[in-house]
1. Obtain the radius of gyration and the Kirkwood radius of segment A:83-199 from its C-alpha atoms and give Rg over Rh.
2. Using alpha carbons only, how many degrees (0 to 90, rounded to 10) separate the axis of helix B:419-444 from the longest principal axis of chain B?
3. Please work out the Cα convex hull volume for segment A:1-153 and give it in Å³ per residue.
4. Using the C-alpha atoms of chain A, what convex hull volume per residue, in cubic angstrom, is computed?
5. Using a Förster radius of 22 Å, what is the FRET efficiency between residue A:392 and residue A:475 based on their Cβ-Cβ separation? Nearest 0.05, please.
6. Can you pull the semi-axes for the protein assembly as shown, root of five times each eigenvalue of the Cα gyration tensor, sorted largest first, whole Å?
7. For segment A:323-435, just the Cα atoms, rotate onto the principal axes and tell me the three extents in Å, largest first.
8. Please work out the Cα center distance from segment B:386-409 to segment B:122-158, rounded to the nearest Å.
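Derivation of every value follows stated rules applied to the coordinates shown; laboratory data play no part. Since the structure is predicted, the reported quantities are computational estimates derived from the model, not experimental observations. Glycine gets a Cβ as well: all are built from the backbone with ideal geometry, and neighbour counts include every protein chain shown.
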């Protein structure tokens, strides 16, 4: 699919539009906060429009995954080329972007959440320029990871997110922001180093034959890494089912598990969420966590199909533990935001269980759950933010009877809550159902235990609804005002999607179906 | 005889220019009281020397009866040394710390020139005698420079410690050199190589000699366990000199080490890729070197965690970086050495940058303690952001040059099969995040007191910072020219 604007492909634009916005923004005077906000809104708004174009033009039948021909909107330029110099040999790093059914939904999610994040950041007053500059950098990093098909590029985008996130939590966060920020930084950096080492090991193990010159060239190209024929004789990661391949899989898995976050790598998440400002929590839960599961599907599964099959029970079990453990932890919280943070762990566990099923149903359910969870938690974190702005507390026992004071708000928040609970008719139900159906075929007992997580989820959500929205309104809350138009604007697209995808998930499933079936087949046949 | 000397002089032009500069600075110091004249004279000398290097072009000659090699490898580092010295002179011209000693500024720049001359000789020397003389010329200049701010007790302490450590290690090294000369019957390292191939010397004697020489090198590059001088000297010396020691002097010593060990102890027919010092039976030298590198990374990074003085912290960080560099050397492949070259180019900019911001903050706010950095990022946003960038680059996070440097060193070690060493390097990199980020945290995560205003630094300092920032960022995004340059520069006379 060719679609170019001023000579650059649509993916380049969607990744780097925020950087253009960043440059404009840096030239604006510090005082002019509104111009700064509008710049950010326009930049992310254009991203959203581009995502709409992608959605319209995307060819639903092409598979992608390991076949460069069937990727769409592909852009491939050589970026770093060093022709055979002594000692180093030929080096080739490509600027290689492309979309397939796995990434297209994530790109749409990122642009949507990115835009909503800007709108909900409108009332940030502290160092506005710095805030939006870092925010736009963060959005570029996230978008880049989802479209990069060169491991080196993928890694750069992955690490570019670190520093903005550290500052966004660390400067604009709550009282314990320093601790939360460094904890986030440290966890992700540990994962980054693991990924770096694995990436290098892969680089030296993989070489493809350049059709033009017949030379054998080491490459960072992710698609070349998926082809068993490209592994050099005697390379560290060559062969099938070797110890080093297991080690490499595990290193990558830990990196992605930290991002997801899977039990036992999850402890950074509640801290980061509680301290982060509302829009950053939305970004964090809405997009950042998906990078973990996306990485598993883009890198671990197709590059190491042998190790994936070997560790698959282990992965499913971790998914199960996350579901149950996250739900129980959520039940024990009396901080509204922390409760949602733990519920994220629980819901991301469902994604992991779904994709670990290694069948089309589970895989589709898992990826759809990534999208749905992104939207649902965005609603929930925005809802907490609204209450916190007005009352400056998040204690669940401080609220009560909000329904009387803020009827519009209650309606919107309830939809989000019930979607998280998995109520049929809302989007969460569809993806959870698919995930569990797929998983049940593969692991009966693990799935049966996991499903009890749904019951716990229902319990803590209903209990929360009761504590916050129902009952008598305490006196100090009697002056609460309902949602402003700006706030409604930030909720509206999400709520529409929740209902729409609950009733008719077809458009979303169509986007990814052929790619994911191909991925399942690819992994199950060991990449041949 | 005369012909050889005349022929050699043609290749010795940059060094001659430095000698002339040195004399001019001494003379000018007699006639002018203006503090910055010697600095500008030295800058002129540097530019002229650079022009001479360019005019001379790439060559591959042995001059002065095999005393000195003029080859692409030396050229590469001469350019880096000139750039480093240029930056340090620019720093020195602005330093408030040095202003207090303005009557002695001629002396300062004269010593700096002497040190640079010593390092120029170091990177080329192929004769044990020349090696030692060049090393001493560099060292003695740096002992005096470390104690230059002599009213500051710490500076004097630094100088004395440096001399004592330096004298002892030089003595041991010299003893090792004499043993080696005795065993091989010559001080020319090409001939030593031939003698060793012919089976000269007993393994015991050779191993003792090399061990002693290694002590001298270990001292100069400040790796564990010969690093104890570094933190005290780095803390006490003026910031400009600390920056210079941590980049230039380390660089020159590494070049000497690489050239000496490669030319003496590997079979030149096998090239750089042989993977062992095959002419030295007995001790597993690779493993010993790898152990030293690992210890430097571990000790340097762990100790840096507990430092409050930012100069001390950067001292330990530079010990850790010496460990990463040594890792590139001990794997003994051409690829490893190329990555060392790449590392040095990037290290130069990021480390000098960090020290420059330290100097600016210490001059303006009088702070050297990391605790007192709180809120400085809000008071001096541009400088704070620059510091963040340099520290992030030192940690090795993309898209900065520091990442590319680490990428190549790690990559070379992985492809040579040194997995355990790479894992240690990876773990210590994670540890290093803590102390680098602590500075960033203090600068930005704390708001300054209400009374503290924003501080505007001069245009000059902003330009110097930009000159350092641009390469750090650019080399993180586009680095193919650097790799090509480094790879073609790994071309030593005699290999």
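1. Numbers: Rg = 17.1 Å, Rh = 16.2 Å.
My calculation puts Rg/Rh at 1.06.
2. 20
3. Working: hull volume 20.3 nm³, N = 153.
About 133 Å³ per residue, rounded to a whole number.
4. Looking at chain A, the number lands at 141 Å³ per residue.
5. 0.85
6. Details: eigenvalues 620, 224, 112 Å².
Whole-Å semi-axes of the equivalent ellipsoid: 56, 33, 24.
7. 47, 26, 18
8. Rounded to whole Å, the Cα centres lie 29 Å apart.
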